[in-house]
Amino acid sequence: MQNIEEKILKPKNGWLMLFVVLICMLLSLALIIAGFAFMEESGQTAFVSLSVVGFIGLMISTICTKGFKILQPNEAMVLTLFGKYHGTLETDGFHFVNPFCAAVNPASGGVLGRKISLKAMTLNNDKQKVNDQDGNPIEISVVVIWKITDVAKAVFTVQNYMTFISTQCDSAIRQVARQYPYDVSEKGDETSLRGSSIEVAEELKKELQERCNMAGIDIMDVRINNLAYAPEIAAAMLQRQQAGAIIAARQKIVDGAVSMVEMALKKLSDNDIVELDDERKAQMVSNLLVVLCGNRDAQPVVNSGSIY
(Lines give C-alpha, C1' and ligand atoms only; values in the text may rest on other atoms or scores of the structure.)
Protein backbone atom coordinates (compact mmCIF):
# COMPACT_ATOMS: atom_id res chain seq x y z
CA MET A 1 0.00 0.00 0.00
CA GLN A 2 1.34 3.40 -1.00
CA ASN A 3 2.08 5.58 2.02
CA ILE A 4 0.75 9.10 1.35
CA GLU A 5 1.94 11.89 3.61
CA GLU A 6 -0.35 14.85 4.06
CA LYS A 7 0.81 18.09 2.42
CA ILE A 8 -0.82 21.32 3.58
CA LEU A 9 -1.31 23.87 0.80
CA LYS A 10 -0.76 27.59 1.15
CA PRO A 11 -3.31 29.04 -1.28
CA LYS A 12 -3.41 32.52 -2.76
CA ASN A 13 -5.78 35.16 -1.48
CA GLY A 14 -9.11 34.60 -3.17
CA TRP A 15 -10.21 38.26 -3.13
CA LEU A 16 -7.03 39.44 -4.82
CA MET A 17 -7.26 36.78 -7.51
CA LEU A 18 -10.95 37.57 -8.00
CA PHE A 19 -10.03 41.17 -8.72
CA VAL A 20 -7.34 40.06 -11.20
CA VAL A 21 -9.71 37.64 -12.96
CA LEU A 22 -12.42 40.31 -13.28
CA ILE A 23 -9.91 42.77 -14.74
CA CYS A 24 -8.77 40.13 -17.26
CA MET A 25 -12.36 39.44 -18.24
CA LEU A 26 -13.09 43.13 -18.77
CA LEU A 27 -9.93 43.60 -20.82
CA SER A 28 -10.77 40.54 -22.92
CA LEU A 29 -14.26 41.83 -23.60
CA ALA A 30 -12.79 45.23 -24.50
CA LEU A 31 -10.42 43.60 -27.01
CA ILE A 32 -13.27 41.65 -28.59
CA ILE A 33 -15.38 44.82 -28.92
CA ALA A 34 -12.39 46.73 -30.28
CA GLY A 35 -11.82 44.00 -32.84
CA PHE A 36 -15.34 44.36 -34.17
CA ALA A 37 -14.87 48.15 -34.35
CA PHE A 38 -11.56 47.89 -36.23
CA MET A 39 -13.08 45.40 -38.65
CA GLU A 40 -15.21 48.17 -40.15
CA GLU A 41 -12.31 50.64 -40.38
CA SER A 42 -9.06 48.69 -40.92
CA GLY A 43 -10.20 45.42 -42.43
CA GLN A 44 -10.14 41.75 -41.48
CA THR A 45 -6.56 41.47 -40.15
CA ALA A 46 -6.98 43.78 -37.16
CA PHE A 47 -10.32 42.15 -36.29
CA VAL A 48 -8.83 38.66 -36.27
CA SER A 49 -5.80 39.55 -34.14
CA LEU A 50 -7.71 41.52 -31.53
CA SER A 51 -10.60 39.04 -31.38
CA VAL A 52 -8.30 36.04 -30.99
CA VAL A 53 -6.42 37.69 -28.13
CA GLY A 54 -9.71 38.70 -26.50
CA PHE A 55 -11.25 35.24 -26.83
CA ILE A 56 -8.09 33.60 -25.43
CA GLY A 57 -8.06 35.98 -22.46
CA LEU A 58 -11.75 35.40 -21.81
CA MET A 59 -11.29 31.64 -21.97
CA ILE A 60 -8.35 31.75 -19.57
CA SER A 61 -10.29 33.96 -17.16
CA THR A 62 -13.25 31.59 -17.27
CA ILE A 63 -11.00 28.62 -16.50
CA CYS A 64 -9.47 30.51 -13.56
CA THR A 65 -12.88 30.83 -11.93
CA LYS A 66 -12.69 27.09 -11.23
CA GLY A 67 -9.84 27.76 -8.83
CA PHE A 68 -11.87 29.66 -6.24
CA LYS A 69 -12.57 27.65 -3.07
CA ILE A 70 -14.51 28.56 0.07
CA LEU A 71 -13.95 26.67 3.32
CA GLN A 72 -15.77 26.98 6.63
CA PRO A 73 -13.99 26.46 9.99
CA ASN A 74 -13.14 22.80 10.69
CA GLU A 75 -13.42 21.84 7.02
CA ALA A 76 -10.79 20.56 4.62
CA MET A 77 -10.48 19.80 0.94
CA VAL A 78 -8.21 17.23 -0.69
CA LEU A 79 -7.01 18.30 -4.15
CA THR A 80 -5.58 16.16 -6.94
CA LEU A 81 -3.86 17.41 -10.08
CA PHE A 82 -4.27 15.12 -13.10
CA GLY A 83 -4.66 12.06 -10.85
CA LYS A 84 -1.83 12.85 -8.42
CA TYR A 85 -2.19 14.11 -4.87
CA HIS A 86 -1.62 17.87 -4.95
CA GLY A 87 -2.25 18.83 -1.33
CA THR A 88 -4.79 19.49 1.41
CA LEU A 89 -6.53 22.80 1.93
CA GLU A 90 -7.44 23.33 5.61
CA THR A 91 -7.47 27.12 6.14
CA ASP A 92 -10.94 28.58 6.37
CA GLY A 93 -11.81 31.51 4.12
CA PHE A 94 -11.88 32.42 0.41
CA HIS A 95 -8.90 30.98 -1.50
CA PHE A 96 -7.56 30.51 -5.00
CA VAL A 97 -5.77 27.32 -6.08
CA ASN A 98 -4.73 25.76 -9.35
CA PRO A 99 -7.94 25.70 -11.43
CA PHE A 100 -7.05 22.29 -12.85
CA CYS A 101 -7.11 20.73 -9.36
CA ALA A 102 -10.06 18.48 -8.52
CA ALA A 103 -11.50 17.99 -5.04
CA VAL A 104 -11.83 14.37 -3.86
CA ASN A 105 -14.13 12.98 -1.17
CA PRO A 106 -15.07 9.28 -1.57
CA ALA A 107 -17.65 9.50 1.22
CA SER A 108 -19.91 11.85 -0.75
CA GLY A 109 -20.54 12.26 -4.44
CA GLY A 110 -22.10 15.74 -4.53
CA VAL A 111 -20.28 19.01 -5.14
CA LEU A 112 -20.91 20.16 -1.58
CA GLY A 113 -19.76 16.79 -0.37
CA ARG A 114 -16.27 17.38 -1.75
CA LYS A 115 -15.50 19.18 1.48
CA ILE A 116 -14.39 16.95 4.35
CA SER A 117 -15.53 17.76 7.86
CA LEU A 118 -12.89 17.89 10.60
CA LYS A 119 -15.51 18.22 13.34
CA ALA A 120 -16.20 15.56 15.95
CA MET A 121 -18.77 13.14 14.50
CA THR A 122 -20.95 10.49 16.09
CA LEU A 123 -21.43 6.93 14.87
CA ASN A 124 -24.47 5.22 16.38
CA ASN A 125 -23.80 1.63 15.45
CA ASP A 126 -26.75 -0.71 14.94
CA LYS A 127 -27.41 -3.53 17.39
CA GLN A 128 -25.67 -6.76 16.51
CA LYS A 129 -25.82 -10.24 17.96
CA VAL A 130 -22.53 -11.57 19.38
CA ASN A 131 -21.45 -14.26 21.85
CA ASP A 132 -19.92 -13.41 25.21
CA GLN A 133 -17.14 -15.33 26.94
CA ASP A 134 -19.57 -18.02 28.11
CA GLY A 135 -21.04 -18.45 24.65
CA ASN A 136 -24.33 -16.74 25.50
CA PRO A 137 -25.83 -14.76 22.59
CA ILE A 138 -26.24 -11.09 23.43
CA GLU A 139 -27.28 -7.94 21.58
CA ILE A 140 -24.95 -4.97 21.88
CA SER A 141 -24.54 -1.57 20.24
CA VAL A 142 -22.12 1.28 20.87
CA VAL A 143 -21.85 5.01 20.23
CA VAL A 144 -18.51 6.19 18.82
CA ILE A 145 -17.31 9.81 18.79
CA TRP A 146 -14.57 10.28 16.19
CA LYS A 147 -12.90 12.82 13.94
CA ILE A 148 -10.46 12.91 11.04
CA THR A 149 -6.91 13.95 11.90
CA ASP A 150 -5.13 13.02 8.65
CA VAL A 151 -7.28 13.95 5.66
CA ALA A 152 -4.97 12.43 3.06
CA LYS A 153 -5.02 9.02 4.74
CA ALA A 154 -8.79 9.14 5.16
CA VAL A 155 -9.28 9.81 1.45
CA PHE A 156 -6.58 7.73 -0.22
CA THR A 157 -5.85 4.86 2.19
CA VAL A 158 -9.38 3.43 2.43
CA GLN A 159 -12.19 3.22 -0.10
CA ASN A 160 -14.76 5.07 2.04
CA TYR A 161 -13.82 6.22 5.53
CA MET A 162 -17.46 6.34 6.69
CA THR A 163 -18.07 2.72 5.72
CA PHE A 164 -14.62 1.75 7.00
CA ILE A 165 -15.16 2.96 10.56
CA SER A 166 -18.62 1.38 10.73
CA THR A 167 -17.27 -2.00 9.60
CA GLN A 168 -14.29 -1.84 11.94
CA CYS A 169 -16.61 -0.92 14.81
CA ASP A 170 -18.64 -4.10 14.22
CA SER A 171 -15.45 -6.16 14.13
CA ALA A 172 -14.06 -4.57 17.30
CA ILE A 173 -17.30 -5.23 19.18
CA ARG A 174 -17.16 -8.93 18.31
CA GLN A 175 -13.50 -9.11 19.31
CA VAL A 176 -13.98 -7.43 22.70
CA ALA A 177 -17.36 -8.96 23.63
CA ARG A 178 -16.04 -12.51 23.43
CA GLN A 179 -13.39 -11.70 26.05
CA TYR A 180 -15.88 -10.93 28.86
CA PRO A 181 -18.99 -12.61 30.28
CA TYR A 182 -22.30 -10.79 30.21
CA ASP A 183 -22.60 -10.73 34.00
CA VAL A 184 -20.30 -11.48 36.92
CA SER A 185 -20.17 -14.96 38.41
CA GLU A 186 -21.14 -15.83 41.97
CA LYS A 187 -17.67 -14.82 43.17
CA GLY A 188 -18.18 -11.33 41.74
CA ASP A 189 -14.47 -10.64 41.23
CA GLU A 190 -14.27 -10.50 37.43
CA THR A 191 -14.85 -7.93 34.71
CA SER A 192 -18.17 -8.24 32.90
CA LEU A 193 -19.96 -6.45 30.08
CA ARG A 194 -22.82 -5.34 32.33
CA GLY A 195 -20.94 -4.60 35.54
CA SER A 196 -17.77 -3.06 34.11
CA SER A 197 -19.05 -0.98 31.19
CA ILE A 198 -16.37 1.71 31.59
CA GLU A 199 -13.48 -0.79 31.47
CA VAL A 200 -15.05 -2.57 28.50
CA ALA A 201 -15.57 0.74 26.70
CA GLU A 202 -11.89 1.66 27.20
CA GLU A 203 -10.82 -1.69 25.80
CA LEU A 204 -13.17 -1.23 22.87
CA LYS A 205 -11.78 2.26 22.22
CA LYS A 206 -8.22 0.92 22.23
CA GLU A 207 -9.12 -1.92 19.86
CA LEU A 208 -10.98 0.40 17.46
CA GLN A 209 -8.20 3.01 17.50
CA GLU A 210 -5.63 0.43 16.43
CA ARG A 211 -7.82 -0.48 13.47
CA CYS A 212 -8.47 3.14 12.42
CA ASN A 213 -4.90 4.48 12.63
CA MET A 214 -4.30 3.55 9.00
CA ALA A 215 -7.25 5.74 7.94
CA GLY A 216 -6.14 8.84 9.84
CA ILE A 217 -9.13 8.67 12.22
CA ASP A 218 -8.97 9.54 15.92
CA ILE A 219 -11.39 7.70 18.23
CA MET A 220 -12.32 10.21 20.92
CA ASP A 221 -14.80 8.18 22.96
CA VAL A 222 -16.72 4.89 22.90
CA ARG A 223 -19.74 4.09 25.07
CA ILE A 224 -22.01 1.04 25.18
CA ASN A 225 -25.46 2.17 24.10
CA ASN A 226 -27.46 -1.04 24.34
CA LEU A 227 -26.71 -4.36 26.07
CA ALA A 228 -29.15 -7.22 26.55
CA TYR A 229 -29.47 -10.96 26.18
CA ALA A 230 -30.68 -12.20 22.81
CA PRO A 231 -34.46 -12.85 22.70
CA GLU A 232 -34.05 -16.65 22.49
CA ILE A 233 -32.42 -16.85 25.93
CA ALA A 234 -33.70 -13.65 27.55
CA ALA A 235 -36.56 -15.41 29.38
CA ALA A 236 -34.31 -18.15 30.79
CA MET A 237 -31.68 -15.64 31.92
CA LEU A 238 -34.36 -13.51 33.54
CA GLN A 239 -35.53 -16.49 35.57
CA ARG A 240 -31.94 -17.13 36.59
CA GLN A 241 -31.54 -13.55 37.79
CA GLN A 242 -34.85 -13.70 39.63
CA ALA A 243 -33.81 -16.94 41.33
CA GLY A 244 -30.56 -15.37 42.48
CA ALA A 245 -32.42 -12.35 43.83
CA ILE A 246 -34.93 -14.55 45.67
CA ILE A 247 -32.17 -16.64 47.25
CA ALA A 248 -30.31 -13.53 48.39
CA ALA A 249 -33.51 -12.06 49.85
CA ARG A 250 -34.44 -15.31 51.64
CA GLN A 251 -30.97 -15.56 53.12
CA LYS A 252 -31.27 -12.07 54.55
CA ILE A 253 -34.75 -12.80 55.89
CA VAL A 254 -33.57 -16.00 57.62
CA ASP A 255 -30.60 -14.24 59.21
CA GLY A 256 -32.91 -11.55 60.56
CA ALA A 257 -35.51 -14.07 61.78
CA VAL A 258 -32.91 -16.12 63.68
CA SER A 259 -31.58 -13.03 65.44
CA MET A 260 -35.13 -11.96 66.37
CA VAL A 261 -35.96 -15.43 67.79
CA GLU A 262 -32.74 -15.40 69.78
CA MET A 263 -33.55 -11.96 71.14
CA ALA A 264 -37.12 -13.03 72.08
CA LEU A 265 -35.94 -16.10 74.02
CA LYS A 266 -33.30 -14.05 75.82
CA LYS A 267 -35.81 -11.37 76.82
CA LEU A 268 -38.26 -13.95 78.15
CA SER A 269 -35.51 -15.60 80.18
CA ASP A 270 -33.96 -12.39 81.55
CA ASN A 271 -37.28 -10.85 82.63
CA ASP A 272 -38.61 -14.11 84.16
CA ILE A 273 -41.81 -13.78 82.15
CA VAL A 274 -42.21 -17.51 81.56
CA GLU A 275 -40.04 -20.57 81.90
CA LEU A 276 -40.07 -22.90 78.91
CA ASP A 277 -38.57 -26.36 78.67
CA ASP A 278 -36.62 -27.46 75.60
CA GLU A 279 -39.68 -28.87 73.87
CA ARG A 280 -41.66 -25.64 74.28
CA LYS A 281 -38.70 -23.56 73.23
CA ALA A 282 -38.40 -25.64 70.05
CA GLN A 283 -42.11 -25.17 69.35
CA MET A 284 -41.84 -21.42 69.96
CA VAL A 285 -38.81 -21.16 67.68
CA SER A 286 -40.68 -23.05 64.98
CA ASN A 287 -43.72 -20.80 65.25
CA LEU A 288 -41.67 -17.60 65.18
CA LEU A 289 -39.68 -18.74 62.16
CA VAL A 290 -42.86 -19.61 60.31
CA VAL A 291 -44.31 -16.17 61.06
CA LEU A 292 -41.12 -14.23 60.25
CA CYS A 293 -40.10 -16.18 57.14
CA GLY A 294 -43.53 -16.74 55.61
CA ASN A 295 -44.65 -15.08 52.39
CA ARG A 296 -48.10 -14.31 53.76
CA ASP A 297 -49.45 -12.86 56.99
CA ALA A 298 -49.79 -15.39 59.78
CA GLN A 299 -53.24 -16.48 60.96
CA PRO A 300 -52.89 -16.92 64.78
CA VAL A 301 -54.81 -19.56 66.69
CA VAL A 302 -55.79 -18.49 70.24
CA ASN A 303 -55.44 -21.18 72.85
CA SER A 304 -57.74 -20.41 75.78
CA GLY A 305 -56.60 -23.42 77.87
CA SER A 306 -53.32 -24.38 79.45
CA ILE A 307 -50.30 -24.63 77.27
CA TYR A 308 -49.59 -27.96 79.01
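The values are calculated or read from the model by the stated rules, or taken from the named source; none is laboratory data. Because the structure is a prediction, the values reported are computed rather than measured. Because the Cβ atoms are built from the backbone with ideal geometry, glycine has one as well, and the counts that use them run over all protein chains shown. Side chains are part of the model used for accessible areas, which takes the heavy atoms of the whole protein and leaves out ligands, DNA and RNA. Shrake-Rupley method; radii C 1.70, N 1.55, O 1.52, S 1.80 Å.
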Here is a check on your reading of the model: is residue 81 in contact with a strand residue (DSSP E or B) (Cβ under 8 Å, 6 or more places away or on another chain) and over 19 Å from residue 205 (Cα atoms)? yes
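Residues checked against (1) under 22 Å from residue 246 (Cβ atoms); (2) at pLDDT below 70; (3) part of a helix (DSSP H, G or I):
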position: 259; (1), (2), (3): yes, no, yes
position: 268; (1), (2), (3): no, no, yes
position: 274; (1), (2), (3): no, yes, no
position: 279; (1), (2), (3): no, no, yes
Does region 4-22 hold any residues that are in contact with a helix residue (DSSP H, G or I) (Cβ under 9 Å, 6 or more places away or on another chain) and farther than 11 Å from residue 95 by Cα, and which are they? 4, 5, 6, 7, 20, 21, 22
The residue that is modelled with the highest pLDDT, considering only those in region 108-155 that are loosely packed, with under 14 Cβ neighbours inside 10 Å and part of a strand (DSSP E or B), is 122
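Table: residues versus (1) in a helix (DSSP H, G or I); (2) surrounded by fewer than 14 Cβ atoms within 10 Å (Cβ to Cβ); (3) at pLDDT 75 or above.
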{"site": "181", "(1), (2), (3)": "no, no, yes"}
{"site": "186", "(1), (2), (3)": "no, yes, no"}
{"site": "189", "(1), (2), (3)": "no, yes, no"}
{"site": "194", "(1), (2), (3)": "no, no, yes"}
{"site": "204", "(1), (2), (3)": "yes, no, yes"}
{"site": "209", "(1), (2), (3)": "yes, no, yes"}
{"site": "232", "(1), (2), (3)": "yes, yes, no"}
{"site": "235", "(1), (2), (3)": "yes, yes, no"}
{"site": "239", "(1), (2), (3)": "yes, yes, no"}
Residue 94 being at pLDDT 80 or above, surrounded by 13 or more Cβ atoms within 10 Å (Cβ to Cβ) and assigned to a helix (DSSP H, G or I): no
Within region 79-89, is there a residue that is at pLDDT 85 or above and over 21 Å from residue 156 (Cβ atoms)? no
Within region 156-169, residues being of a type outside the set (S, T, N, Q) and open to solvent by 50 Å² or more (accessible area, probe 1.4 Å) number 2
